[in-house]
Amino acid sequence: MAKTSTTTQGLRSAIERSGYYPALVAEAVEAAVGGEPIRSYLVHQETTFDQNEVRRHVTVLVLTGNRFIVSHTDEQAADSTSPTPYATTSTESVKLGRISSVVISRVVANPEQYTPGTPPREVVLTIGWGAVNRLDLEPAACGDPNCDADHGYTGSSTADDLSLRVSEAGDGPETVRQALVFAQAISEATADVTR
């Protein structure tokens with residue numbers, strides 16, 4: 001990453017603030033970004049509970065002029081394959097032209113009293129580029145309650161490559177704001193590609 005960019009410095013600071021193996025995460029993100037200028041970013045650190053274990057992971061989303069980069073880092077406890085705890089970091093780089101959908105879901109409290117500009121309490125950002133599709137099938141039926149014929153199946157296919165949820169209660173208002181900024185930036189970037 002270009003070390004002079006204020007956006008790059010902001011990304012580095014956000015990775016460090018997450019407190020989740022910042023040197024490892026930053027190195028993976030920097031390698032994926034290369035020398036491209038960063039247009040926008042989002043860092044989301046999440047803690048989950050898995051039976052008796054607490055697990056953490058971080059997702060970093062980066063938008064450049066040509067690509068959408070997803071970096072995800074998970075930690076694992078020692079197991080039969082490793083006598084010591086370890087972390088796995090992966091990055092994926094997607095050309096902006098491949099992004100087929102950007103869905104931004106906002107949850108607001110007391111919608112009847114909503115004032116424009118009030119931040120939502122929760123944001124779910126879903127981005128699809130065709131790498132992962134979910135197929136939901138169910139038996140098809142007709143309107144006749146006495147019909148026992150096989151009508152096959154009906155269903156829907158949903159692009160489900162990335163879905164990220166941030167909330168004011170869990171992540172803080174700044175992370176919700178940054179999620180909205182990133183969502184707008186990637187929506188605009190994909191619109192620019194299709195023109």
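Condition first: of a type outside the set (Gly, Ala, Ser) and without any contact (Cβ under 8 Å) to a residue 12 or more places away in the chain. Now tell me which residues in the stretch 72-81 satisfy that.
Within the stretch 72-81, ASP79, THR81 qualify.
Please count how many residues of the stretch 138-173 are surrounded by 12 or more Cβ atoms within 10 Å (Cβ to Cβ), modelled with pLDDT of 85 or more and not polar (S, T, N, Q).
Looking only at that region, the number is 9.
The conditions are (1) surrounded by 13 or more Cβ atoms within 10 Å (Cβ to Cβ); (2) hydrophobic (A, V, I, L, M, F, W, C); (3) in a strand (DSSP E or B), and VAL176 fails exactly one of them. Which is it?
(3)
On the basis of being surrounded by 18 or more Cβ atoms within 10 Å (Cβ to Cβ), free of Cβ contacts under 8 Å to residues at least 60 places away in the same chain and either more than 17 Å from ALA191 (Cα to Cα) or touching a strand residue (DSSP E or B) at 6+ places or on another chain (Cβ under 9 Å) (or both), does THR84 make the cut?
no
Here are the criteria: (1) in contact (Cβ under 8 Å) with a residue 60 or more places away in the chain; (2) in contact with a His (Cβ under 9 Å, 6 or more places away or on another chain). Tell me which single one PHE68 does not satisfy.
Every condition holds for PHE68 apart from (2).
Out of all the residues in the stretch 40-53, is one or more buried (at least 17 other Cβ atoms within 10 Å of the Cβ) and aromatic (Phe, Trp, Tyr)?
Among the residues of the stretch 40-53, at least one is buried (at least 17 other Cβ atoms within 10 Å of the Cβ) and aromatic (Phe, Trp, Tyr), which makes the answer yes.
Scan the stretch 91-130 residue by residue and report those that are assigned to a loop (DSSP other than H, G, I, E, B) and not small (Gly, Ala, Ser).
Selection gives ILE99, VAL108, ASN110, TYR114, THR115, PRO116, THR118, PRO119, PRO120, ARG121, TRP129.
Please specify each residue of the stretch 95-132 satisfying the condition of being open to solvent by 30 Å² or more (accessible area, probe 1.4 Å), among the small types (Gly, Ala, Ser) and closer than 23 Å to THR175 by Cα.
SER101, SER105, ALA109, GLY117
Taking the stretch 21-50 as the region of interest, how many residues are under 19 Å from TYR86 (Cα atoms) and part of a loop (DSSP other than H, G, I, E, B)?
Qualifying residue count, the stretch 21-50: 1.
Can you name the residue in the stretch 16-62 that is among the aliphatic types (A, V, I, L, M) and touching a Leu at 6+ places or on another chain (Cβ under 8 Å) and, of all such residues, is farthest from ARG177 (Cα to Cα)?
If we take residues in the stretch 16-62 being among the aliphatic types (A, V, I, L, M) and touching a Leu at 6+ places or on another chain (Cβ under 8 Å), then VAL29 is farthest from ARG177 (Cα to Cα).
The values are calculated or read from the model by the stated rules, or taken from the named source; none is laboratory data. The structure displayed is predicted, hence computed values, not measured ones. Reconstructed Cβ throughout: ideal geometry from the backbone, glycine too, with neighbour counts over all protein chains shown. Heavy atoms of the whole protein, side chains included, go into the accessibility calculation; ligands, DNA and RNA do not. Shrake-Rupley method; radii C 1.70, N 1.55, O 1.52, S 1.80 Å.
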